[in-house]
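Worksheet for the structure shown next.
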Amino acid sequence: MKAQILAVLSVLFAVVPAVPTTSNSTQNVTDIINNNIPQSPNGVLFLGNDGVLRSVDAANRVISYQQLSPQQISQYIQNLPQRDAARLQRVFQGVDGREVTDLDQLLNPDSDQLPSRAPSSVSQSLPTGTQMPSQEMCRTVDCTSQNTCRQNGCNSCLQAYQMSNGYCN
């Protein structure tokens, strides 16, 4: 009986359409990441070069999205390691995700607006005995899913355009 219920719930989850999050352009991106945008345990948060932050599942299906303002894009990039942040600041210069209004583009973006590969369970861990990691410590953890980050005491797996892997936040 339990297996039947789980099977029905998994089918329902698979057919539920992606949900836009509701926030204004002045909301801090940390609040969006931690409180506003639904996240799949086996997925990542991915910022495409169109300025849209998409929450995707392990199969790269968009489950939620948020069009970010230029200020929010800069805040998101600041959550990534410095070696990626400098390049991404140049890539995203002048980009405003609020200009993306086509629902099909938001929900079914081109492949370059999604992670280069579907997330997997292979990842890195913090050293044993590490207590409640700081945000700086989390940024050192490569991730391929939200689960990786949560197992290490961090919040979310963040990726952006042309990044081969994500980093915990």
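The values are calculated or read from the model by the stated rules, or taken from the named source; none is laboratory data. Bear in mind that the values here come from a model prediction, so they are computed numbers and not experimental data. Note: ideal-geometry Cβ built from the backbone for every residue, glycine included; neighbour counts use all protein chains shown.
One residue stands out among those in the range 125-146 that are of a type in the set (S, T, N, Q) and modelled with pLDDT under 85: the one that is surrounded by the fewest Cβ atoms within 10 Å (Cβ to Cβ), which is Thr128.
A residue that is at pLDDT below 95, crowded, with 16+ Cβ neighbours inside 10 Å, within 24 Å of Asn108 (Cβ to Cβ) and touching a Pro at 6+ places or on another chain (Cβ under 7 Å) occurs nowhere in the range 61-73.
Table: residues versus (1) modelled with pLDDT of 75 or more; (2) acidic (Asp, Glu); (3) out of contact with any Ser or Thr (no Cβ under 8 Å at 6 or more places or on another chain).
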| residue | (1), (2), (3) |
| --- | --- |
| Pro119 | no, no, no |
| Ser123 | no, no, no |
| Thr148 | yes, no, no |
| Asn155 | yes, no, yes |
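Determine whether Gln82 is under 16 Å from Met163 (Cβ atoms), more than 15 Å from the chain's Cα centre (by Cα) and either of a type outside the set (A, V, I, L, M, F, W, C) or crowded, with 22+ Cβ neighbours inside 10 Å (or both). In short, yes.
Take the residues in the range 52-105 that are of a type in the set (S, T, N, Q), in a helix (DSSP H, G or I) and touching a residue at least 40 places away in the same chain (Cβ under 8 Å), then tell me which one is farthest from Ser156 (Cα to Cα). Steps first, answer last, please.
So the first thing to find is which residues in the range 52-105 are of a type in the set (S, T, N, Q), and the list is 55, 60, 64, 66-67, 69, 71-72, 74-75, 78-79, 82, 89, 93, 101, 105.
Adding the requirement that they be in a helix (DSSP H, G or I) leaves 71-72, 74-75, 78, 82, 89, 105.
So of that shortlist, the ones also touching a residue at least 40 places away in the same chain (Cβ under 8 Å) come out as 71-72, 75, 105.
Details: Gln71: 20, Gln72: 17, Gln75: 15, Gln105: 24 Å.
So the residue we want is Gln105.
Restricting to the range 41-60, what's the tally of residues that are more than 24 Å from Ala86 (Cβ to Cβ), surrounded by 21 or more Cβ atoms within 10 Å (Cβ to Cβ) and of a type in the set (Gly, Ala, Ser)? Total meeting the criteria: 2.
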